[in-house]
1. Just to be sure I understand the filter: pairs with C-beta atoms under 8 Å, separated by 6 or more residues or on different chains, first member in the stretch 121-132 and touching a residue at least 60 places away in the same chain (Cβ under 8 Å), second member open to solvent by less than 80 Å² (accessible area, probe 1.4 Å) and in a helix (DSSP H, G or I). Which pairs pass?
2. May I ask you to list pairs of residues, at least six apart or on different chains, whose Cβ atoms are under 7 Å apart, with the first in the stretch 71-99 being under 27 Å from ALA110 (Cβ atoms) and free of Cβ contacts under 8 Å to residues at least 24 places away in the same chain and the second being basic (Lys, Arg) and not in a helix (DSSP H, G or I)?
3. Across the stretch 77-105, which residue is farthest from ARG116 (Cα to Cα) among those that are of a type in the set (S, T, N, Q) and under 20 Å from the mean Cα position of the chain (by Cα)?
4. If you check SER148, SER134, SER76, which single one turns out to be in a helix (DSSP H, G or I), out of contact with any His (no Cβ under 8 Å at 6 or more places or on another chain), closer than 19 Å to ILE23 by Cβ and modelled with pLDDT of 90 or more?
5. Pick from VAL28, VAL22, VAL39: which is among the aliphatic types (A, V, I, L, M), modelled with pLDDT under 85, open to solvent by less than 80 Å² (accessible area, probe 1.4 Å) and under 20 Å from the mean Cα position of the chain (by Cα)?
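The values are calculated or read from the model by the stated rules, or taken from the named source; none is laboratory data. What you see is a predicted model, and the numbers here were worked out from it, not measured in a lab. Note that we place each Cβ from the backbone using ideal geometry, even for glycine, and neighbour counts take in every protein chain shown. Heads up: the accessible areas ignore ligands, DNA and RNA and are worked out on the full protein's heavy atoms, side chains in. Shrake-Rupley method; radii C 1.70, N 1.55, O 1.52, S 1.80 Å.
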Amino acid sequence: MNPPATPPSPRSWEAAEAACEVIELLEVLWERGRDAVQVAPVSSSQLRVLYSLEREDGINLRALGEILGSSPPSLSRMCDRLQALGFVERTPSPVSRRELMLHLTQRGEAYLRELRDRREEVLRSVIETMPRSSRTALLKGLSAFRDSVEGTALVRRTDRADATA
């Protein structure tokens, strides 16, 4: 018999509610950064494809579909659009004639780099208005939150240095 689960503390509920509010505000700020990018913005789904290819260069459509939880036909259409924009390249697999490998192009890498720079700029402009002690507390809290999420295996950890190398 399993022991009864302990209910979350009221502070956990308050923190979750505050996090939801912050996420909604971040979405607004995130879009501002996205709108500032020179190239026409891609959809959220297409952006997930670009992030995935950045982490998993050379994967095939089936593997990408597993990562994103998407069907091959819709993913193939997304990759068609991204290829038309010059962000994605398809190359023959060295192990199978029937398989194509997906790669982020230099243009796709530049798009992600510019998008991140713009988003960071928008976030930094807001964070700089906070008192120093609040910025320190924010960094500590966000670091702990990230570590907790990574510990749950809900999100696969990606080292930012590896992603941009």
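1. GLU121/GLY33; VAL122/LEU29; VAL122/GLY33; LEU123/LEU26; LEU123/LEU29; LEU123/GLY33; VAL126/LEU29
2. Listed pairs, sorted by first residue: GLN83/ARG90.
3. Taking the stretch 77-105 and keeping what is of a type in the set (S, T, N, Q), we get 83, 91, 93, 96, 105.
Imposing the further condition that a residue be under 20 Å from the mean Cα position of the chain (by Cα) reduces the set to 83, 105.
Working: GLN83: 21, THR105: 17 Å.
Checking each candidate, the answer is GLN83.
4. On the way: SER148 fails: modelled with pLDDT of 90 or more; SER76 fails: closer than 19 Å to ILE23 by Cβ.
Of the residues listed, the single one that is in a helix (DSSP H, G or I), out of contact with any His (no Cβ under 8 Å at 6 or more places or on another chain), closer than 19 Å to ILE23 by Cβ and modelled with pLDDT of 90 or more is SER134.
5. Details: VAL28 fails: open to solvent by less than 80 Å² (accessible area, probe 1.4 Å); VAL22 fails: modelled with pLDDT under 85.
Matching residue, one of VAL28, VAL22, VAL39: VAL39.
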